[in-house]
Amino acid sequence: MDTSHTSTSARSGLHTRRLRMDDGITLTATESGEPGQPAVILLHGGGQTRHSWRGTVRTLGELGYHALAFDARGHGESDWSPELNYSHSRLADDLEAVISSVAAEPVVVGASMGGMTAMHAVGRSSGALARALVLVDIAPRVDPKGLRRVHDFLNGHPNGFANIEEASAAVAAYNPHRPRPRDPRGLMKNLRLREDGRLYWHWDPRFFASRNEEQREKSSNRLLDLCPNIKIPTLLVHGAESDVVSSSGIDELRARLPQLETALMQGAGHMIAGDRNDAFNAAIMVFLERLAPARLRRGSHT
């Protein structure tokens, strides 16, 4: 795997990195901290970008971790696949390649789609791929109504938006419990301006069009079959207001992963890191400090 650094922000301590996969696709990542320190790799959910982890990546770097969040293929600044190679197996291949770029087995944090990718990669691996696993509001089997609402949102604006305000209104309609930002311009990290002058979500629309109910059921069953192979410590952080992860889904996962720990985020829905970022960081830090302690970097603050 080819890798290169492209830019650095001294003020934020964040670096941009390009990682070339074996099929020619280049992924874009944001990282902080020092290579060689305990590593944390963060995977965003479907339709999101690595920027959903920006605050977490910065915090982890300040606390002495080597943190890296990357855009999944077909998302953000990573390449789109000309062959529509967006299978869970291919996403897991990408994760394995990213893991190979850090010094030792990382803790892998995956939200929604990213959590499913992490379970696929760890569950099929014959070796020690990761030190621990954090799943963010995802289980192998989820509530179909909540999943349908997510997919309706992701596929609900095929013609894009006339301006940033229209996009912000769409997000507010999907997340009515989350306060709307006074300045919606931060949303531009998730949008792409096309030649027709309209703004579109920053992902390949074919990514989600290639998935159907039959494929999702097969994926759920495959994940459940792989779960007994996941022997590492695992934490599930789920939102109290989530309509995606249900108590029955958690119980089914725990039956396959007896080591499963859970953390309930009050006031958070499916998009936990965005809804309650400080509380989310605090929850995973307890887990990280126990399993992968890092020395506080000089000049940083807790």
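Data for the structure
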quantity	calculated
Single residue of 73, 58 found to be of a type in the set (Lys, Arg) and either surrounded by fewer than 17 Cβ atoms within 10 Å (Cβ to Cβ) or farther than 30 Å from residue 195 by Cα (or both)	58
Criterion violated by residue 294 - all others in (1) surrounded by fewer than 17 Cβ atoms within 10 Å (Cβ to Cβ); (2) out of contact with any Lys or Arg (no Cβ under 9 Å at 6 or more places or on another chain); (3) over 23 Å from residue 176 (Cβ atoms) satisfied	(1)
Output for segment 218-242, where each listed residue is in contact (Cβ under 8 Å) with a residue 60 or more places away in the chain and not in a helix (DSSP H, G or I)	230, 232, 233, 234, 235, 236, 237, 238, 239, 241, 242
Residue within segment 77-85 that is at pLDDT 95 or above and closer than 30 Å to residue 240 by Cα present	no
Residue within segment 125-134 that is among the polar types (S, T, N, Q) and buried (at least 18 other Cβ atoms within 10 Å of the Cβ) present	no
Lone qualifier among 150, 122, 142 - being of a type in the set (Val, Ile, Thr), at pLDDT 95 or above and within 30 Å of residue 232 (Cα to Cα)	122
Flag if residue 231 is at pLDDT 95 or above and more than 27 Å from residue 279 (Cβ to Cβ)	yes
The listed residue being of a type in the set (D, E, K, R), more than 29 Å from residue 283 (Cβ to Cβ) and touching a Pro at 6+ places or on another chain (Cβ under 9 Å), out of 213, 261, 166	213
Filter result for residue 244 (modelled with pLDDT of 90 or more and surrounded by 13 or more Cβ atoms within 10 Å (Cβ to Cβ))	yes
Hits in segment 94-105 - residues which are of a type outside the set (Val, Ile, Thr) and under 15 Å from the mean Cα position of the chain (by Cα)	94, 95, 96
Hits in segment 251-285 - residues which are in a helix (DSSP H, G or I), touching a strand residue (DSSP E or B) at 6+ places or on another chain (Cβ under 8 Å) and at pLDDT 95 or above	253, 254
Residue selected from segment 249-271 under the condition surrounded by fewer than 13 Cβ atoms within 10 Å (Cβ to Cβ) and without any contact (Cβ under 8 Å) to a residue 12 or more places away in the chain, by the criterion farthest from residue 232 (Cα to Cα)	251
Boolean, residue 152 is exposed (fewer than 12 other Cβ atoms within 10 Å of the Cβ), out of contact with any Pro (no Cβ under 9 Å at 6 or more places or on another chain) and not basic (Lys, Arg)	yes
Scan of segment 202-217 for residues that are assigned to a helix (DSSP H, G or I) and in contact (Cβ under 8 Å) with a residue 60 or more places away in the chain, ordered by number	206, 207, 208, 216
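The values are calculated or read from the model by the stated rules, or taken from the named source; none is laboratory data. Computed from a predicted structure; not experimentally measured. Cβ atoms come from the backbone with ideal geometry, glycine included; neighbour counts cover every protein chain shown.
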